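The values are calculated or read from the model by the stated rules, or taken from the named source; none is laboratory data. Since the model is a prediction, treat every value here as computed from it, not as a measurement. FYI the Cβ positions are ideal-geometry reconstructions off the backbone, even for glycines, and counts take in every protein chain you see.
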Amino acid sequence: MSARHAVALRQVAKVRLLGAGVVATTGLALTGAGVMAGLNAQASNPQAESVTAGTLKLEMTSRGAGFTSAVDGLAPGDAVSRYVDLGNTGSLDGKNLTLGVADKTPTPSVLTTDASKGLHVTVTECVGSWSMATGTCAGTATTLLADTAVSTLSTTAAALPTPVMTAGKSHALQITVKLPDQTETTKDGALPANTVQGQTASLAWTFTMTQRDAKATGA
């Protein structure tokens, strides 16, 4: 075999190998394209669905002076009532109503730290209307919180027995603060230790509720 003939055979072999590679690559590409191909379908609602979250709001408004009116000159055994409307002004019903009290004075006194000598609170609801002059309910009165020390409410909020706080409904409340009966003796103008006399408190009342139970509904 001549040298020229040998070179020609080698060139033919290279062309055959290149052609085979191109065919293989093309085959893989076609195979890949076949795997990726498929059918698809979609369906959509013709009109967009509106979704709105509800609101949970609790608002307290005074009847008369309410809590803006200071309580001065309490003596042991005295009780002073204030009247407020507590309403769920949101769109969702509420539950688990509680009441807590905080003394905002820099150094709280015996009025809010001593359970026996300090202030006590009672909360009553009137389904009807309150007479603020006489403290009587023209309707049905229900005690929501029996006589409880402010010192207790300042550490743990009290649960009030209102199973449902219906959206859009208001509750007429009488909140009574009392200084319990007690005996103190002042000697030669000197007040006794741990006295309630001359003490002050700045009370912040906080009602809290949670949303109603979650529910699943169908149209």
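Can you find a residue in the range 185-198 that is surrounded by 14 or more Cβ atoms within 10 Å (Cβ to Cβ) and outside any loop (DSSP other than H, G, I, E, B)?
Among the residues of the range 185-198, not one is surrounded by 14 or more Cβ atoms within 10 Å (Cβ to Cβ) and outside any loop (DSSP other than H, G, I, E, B), which makes the answer no.
If only one of T140, T124 is surrounded by fewer than 19 Cβ atoms within 10 Å (Cβ to Cβ), among the polar types (S, T, N, Q) and out of contact with any Leu (no Cβ under 6 Å at 6 or more places or on another chain), which one is it?
On the way: T124 fails: surrounded by fewer than 19 Cβ atoms within 10 Å (Cβ to Cβ).
Checking each option against the conditions leaves just T140.
Which residues, taken from the range 52-70, are aliphatic (A, V, I, L, M), part of a loop (DSSP other than H, G, I, E, B) and at pLDDT 95 or above?
Pass one, the range 52-70, residues aliphatic (A, V, I, L, M): 53, 56, 58, 60, 65, 70.
Keeping just the survivors that are part of a loop (DSSP other than H, G, I, E, B) gives 53, 56, 65, 70.
A53, L56, listed by residue number.
If I ask for residues that are closer than 15 Å to T208 by Cα, touching a helix residue (DSSP H, G or I) at 6+ places or on another chain (Cβ under 9 Å) and aliphatic (A, V, I, L, M), which ones from the range 85-129 would you list?
Correct list: L99, V101, A102.
Under 6 Å by Cβ, and 6 or more places apart or on different chains, what pairs join a residue from the range 198-211 that is in contact (Cβ under 8 Å) with a residue 24 or more places away in the chain and within 16 Å of P108 (Cβ to Cβ) with one that is loosely packed, with under 13 Cβ neighbours inside 10 Å and not basic (K, R)?
Every condition considered, no pair remains.
Working only within the range 81-104, note down all residues that are of a type in the set (D, E) and either modelled with pLDDT under 95 or part of a strand (DSSP E or B) (or both).
To start, the set of residues in the range 81-104 that are of a type in the set (D, E) comprises 85, 93, 103.
Of everything in the range 81-104, those that are of a type in the set (D, E) and either modelled with pLDDT under 95 or part of a strand (DSSP E or B) (or both) turn out to be D85, D103.
Considering only the range 158-177, how many residues are β-branched (V, I, T) and either surrounded by 17 or more Cβ atoms within 10 Å (Cβ to Cβ) or under 23 Å from A79 (Cβ atoms) (or both)?
Result for the range 158-177: 4.
Scan L92, L111 and give me the residue that is in contact with a Lys or Arg (Cβ under 7 Å, 6 or more places away or on another chain) and either within 24 Å of G198 (Cβ to Cβ) or surrounded by fewer than 19 Cβ atoms within 10 Å (Cβ to Cβ) (or both).
Matching residue, one of L92, L111: L92.
All but one of (1) aliphatic (A, V, I, L, M); (2) farther than 26 Å from V196 by Cβ; (3) surrounded by 14 or more Cβ atoms within 10 Å (Cβ to Cβ) hold for A48, so report the exception by its number.
(3)
Going residue by residue through the range 71-80, is there one that turns out to be modelled with pLDDT of 95 or more and not in a loop (DSSP other than H, G, I, E, B)?
Yes: the range 71-80 contains one or more residues that are modelled with pLDDT of 95 or more and not in a loop (DSSP other than H, G, I, E, B).
Looking at the range 186-197 only, could you name the residues that are free of Cβ contacts under 8 Å to residues at least 60 places away in the same chain and either hydrophobic (A, V, I, L, M, F, W, C) or farther than 16 Å from G77 by Cα (or both)?
Hits for the range 186-197 are T186, K187, D188, G189, A190, L191, P192, A193.
Kindly provide the set of residues from the range 171-189 that are over 14 Å from L145 (Cα atoms) and either among the hydroxyl-bearing types (S, T, Y) or touching a helix residue (DSSP H, G or I) at 6+ places or on another chain (Cβ under 6 Å) (or both), ordered by number.
T183, T185, T186
Might you check whether a residue that is assigned to a strand (DSSP E or B) and either within 21 Å of L179 (Cβ to Cβ) or out of contact with any strand residue (DSSP E or B) (no Cβ under 7 Å at 6 or more places or on another chain) (or both) occurs anywhere in the range 105-113? Let's see the steps before the verdict.
Our first condition is that a residue be assigned to a strand (DSSP E or B); within the range 105-113, this holds for none.
No: zero hits.
In the set T143, T156, which member is at pLDDT 95 or above and assigned to a strand (DSSP E or B)? It would help to see each step written out before you state the result.
Working: T156 fails: assigned to a strand (DSSP E or B).
When all the criteria are applied, what remains is T143.
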